[in-house]
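Take a look at the structure set out below.
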């Protein structure tokens with residue numbers, strides 16, 4: 001009887017010890033995937049891999065990033081292309097420039113000078129680029145890649161393009177204001193997304209801060 005109780009207790013302790021491990025493993029698997037379900041697009045992000053689908057055409061495209069700047073884009077037909085995004089937001093496909101970021105010399109977005117003086121940020125420049133909200137998923141993916149690294153708030157970018165298309169905009173107009181600290185250690189990027197060329201219909205503004213070293 002005493003031997004039976006010892007065996008039964010051992011089995012119970014073993015069962016209790018493995019239950020939290022099984023639950024933890026399941027939670028870990030679920031947390032590796034994130035989903036976006038918008039009006040025009042769906043997207044799935046698993047690690048550094050992003051799969052985007054157009055709800056209207058069912059066309060899909062996959063972006064698999066090796067780091068913040070380099071990756072592989074795969075169409076639904078299986079065709080692969082190497083993509084690279086530089087610090088200015090220019091996007092290269094197989095070493096050829098496809099999405100160019102230009103300096104906005106007019107700087108049509110006003111930032112109050114008193115506000116800049118009251119903060120640690122020093123204005124550097126404003127860049128501009130536009131991307132289509134229509135067309136095939138390849139062009140949509142390249143536009144998304146030009147906005148943010150995959151490790152950043154990528155679903156926010158997908159949502160912005162989704163919202164612009166819902167507003168009837170065929171093109172998303174982007175202006176990025178760049179700032180730095182006096183010691184060049186930190187850079188800040190304020191990105192403004194507009195649904196019209198005159199920059200009066202603001203879809204979203206997002207900010208990102210990067211530490212250089």
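The values are calculated or read from the model by the stated rules, or taken from the named source; none is laboratory data. Given the structure is predicted, the values throughout are model-derived calculations rather than measurements. All Cβ positions, even for glycine, are placed from backbone atoms using ideal geometry, and neighbour counts span all protein chains on display.
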Count of the stretch 147-158 residues which are modelled with pLDDT under 80 and part of a helix (DSSP H, G or I): 4
Matching option when the condition is assigned by TED's automatic domain parsing to the domain that holds residue 162, closer than 12 Å to residue 142 by Cβ, at pLDDT 95 or above and in contact with a strand residue (DSSP E or B) (Cβ under 6 Å, 6 or more places away or on another chain), among 83, 91: 83
Qualifying positions in the stretch 193-207 - surrounded by fewer than 19 Cβ atoms within 10 Å (Cβ to Cβ) and within 15 Å of residue 147 (Cα to Cα): 204, 205, 206, 207
Test: residue 109 is under 14 Å from residue 36 (Cβ atoms) and modelled with pLDDT under 70: no
